[in-house]
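A short worksheet on the structure shown next.
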Amino acid sequence: MNDFPSFDLIKLLSTCFGKPTVDTRVCILIDLPDLKEMVNLKFLKSDDFRVQAHAVDKFYNPLGGKLGKEFNVSKVDLFAFKTTYGSNLDPDDEAIDANGNLFSLEKDIYPNYQIILAITDYSLTAPLTAQSKIHGFRGATLHGLNDIILNSGLSVDYNEISKQAEVFRKVLTRADSFDLTFETAHGQYSLRIDCEKQEAQKSHGLCPPGKPDVANLPAGEVYFVPVSADGSFPFRYADGTLAEMIVEDGKITCAKILSGNEEKVEMRNRQLSEDPATGIIGELGFGTQLLPFSGKDIQDEKIFGTCHVATGRSDHLGGNLTPDLFNSKMNASHDDILYAPPKTPEINVASVKICKDGCTHEIFSNYEPSPWLLDQISSEYPIEKLGAVTV
């Protein structure tokens, strides 16, 4: 595994956003279950808010001091909004500062800052991306931030990560489809994801001036918004319950219990029945970086050798599934389903194959890159920098 330099906030911000040549207003957003915890920064006294404490210690305080002047920060503010308890759900509009003053995200915050950093428990990537297009700011989402991420995924050179992701993107772009084969103790499952020769996209951490956008940090992946999908795949719940998700015409139609808590699987079936949009396959992604596992999907899905399928909202990725197409606002999430040895030990991704230009090639097997894939990228990126997933 790579040795990483120490976390350098100004290097990270200057690389991702470019160093501002004019005074820049920066806002840091955190989420809290009770907004009263924000008053006088009361939440800092609890170990329950480590992500939010990192937001203050590693970002807000430095940008309010000497480092802020180095990055041409004219103003940095910290606000909290109420925890959404779901990935990429639209937050309530109300926000609060440390003095207890109330603000509107839509009226007071989004229009008035050039850079907005969301350091939260639950991802704000989709909502913040949508708002950046309306209000013209740039930003980054860093949900689940922990010490491992600070000292690895946020300590890399994102110019290099962008080059690395581009090499992989060129190999995968304009694929017809991907075939994923999964194995569990209960059997083997196959899922075909159709891409219909669309251009692959990359999450590479660079958000240069002149274009409103939001980076997802750590970055480092190549992804598609599927046109359709068919087959099935195993899903692991947090408690270890396993289910087979049946996919037809691009969406999960039902879940079948394999082992564990049957009620959890029945709850999913009820949700699929009441709000079918929650089952739409909204993303297929592949990690491009060599990183240590952090226990947080925001980094672990960026590790070379892992893959993830996502359901739900896709507008932030260029798809057309927006929150208004769900029957309930609380269901309008984008949920990544990550396959990686520490995250899904009962599930092995035995094979991932790309179908492109009339040919089929295996690109990963048991979380390791195939000889064909390494051959495709070796001319542009050193093979010694690529390898198997490392736990």
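The values are calculated or read from the model by the stated rules, or taken from the named source; none is laboratory data. Keep in mind it's a predicted model, so treat the numbers as computed, not measured. Quick reminder, even Gly has a Cβ in these numbers, built from the backbone with ideal geometry, and neighbours come from all protein chains shown. Only protein heavy atoms, including side chains, enter the accessible area calculation; ligands, DNA and RNA are left aside. Shrake-Rupley method; radii C 1.70, N 1.55, O 1.52, S 1.80 Å.
Summary table
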read-out: Unique match (being out of contact with any Leu (no Cβ under 6 Å at 6 or more places or on another chain) and open to solvent by 10 Å² or more (accessible area, probe 1.4 Å)) among S132, S177, S203; value: S203
read-out: When residues of the stretch 261-286 are limited to those that are closer than 24 Å to L317 by Cα and aliphatic (A, V, I, L, M), the one nearest to the chain's Cα centre (by Cα); value: L284
read-out: Residue list for the stretch 63-102, restricted to those being within 28 Å of the chain's Cα centre (by Cα), open to solvent by 20 Å² or more (accessible area, probe 1.4 Å) and at pLDDT below 95; value: L67
read-out: Qualifying position, being open to solvent by 30 Å² or more (accessible area, probe 1.4 Å), modelled with pLDDT under 95 and in contact with a strand residue (DSSP E or B) (Cβ under 8 Å, 6 or more places away or on another chain), among D3, D23; value: D23
read-out: Filter result (assigned to a loop (DSSP other than H, G, I, E, B), open to solvent by 50 Å² or more (accessible area, probe 1.4 Å) and modelled with pLDDT of 95 or more) within the stretch 137-174; value: N151, R174
read-out: Some residue of the stretch 93-107 being over 30 Å from T311 (Cβ atoms) and in a helix (DSSP H, G or I); value: yes
read-out: Subset of the stretch 108-136 [outside any loop (DSSP other than H, G, I, E, B) and within 20 Å of N61 (Cβ to Cβ)]; value: I109, I115, I116, L117, A118
read-out: Search result, residues across the stretch 236-254 that are open to solvent by 50 Å² or more (accessible area, probe 1.4 Å) and not in a loop (DSSP other than H, G, I, E, B); value: R236, E248, K251, T253
read-out: Yes/no for K211 being basic (K, R), over 16 Å from F364 (Cβ atoms) and crowded, with 16+ Cβ neighbours inside 10 Å; value: no
read-out: Residue check for E362: over 29 Å from K133 (Cα atoms), surrounded by fewer than 18 Cβ atoms within 10 Å (Cβ to Cβ), touching a residue at least 60 places away in the same chain (Cβ under 8 Å) and not aromatic (F, W, Y); value: no
read-out: Qualifying residue in the stretch 215-224 (condition: surrounded by fewer than 24 Cβ atoms within 10 Å (Cβ to Cβ), at pLDDT 95 or above and not in a strand (DSSP E or B)); value: no
read-out: Scan of the stretch 255-282 for residues that are in contact with a helix residue (DSSP H, G or I) (Cβ under 8 Å, 6 or more places away or on another chain), open to solvent by less than 40 Å² (accessible area, probe 1.4 Å) and not in a loop (DSSP other than H, G, I, E, B), ordered by number; value: A255, L272, A277, T278, G279, G282
read-out: Residue list for the stretch 283-306, restricted to those being over 13 Å from G220 (Cβ atoms), of a type outside the set (D, E) and surrounded by 24 or more Cβ atoms within 10 Å (Cβ to Cβ); value: L284
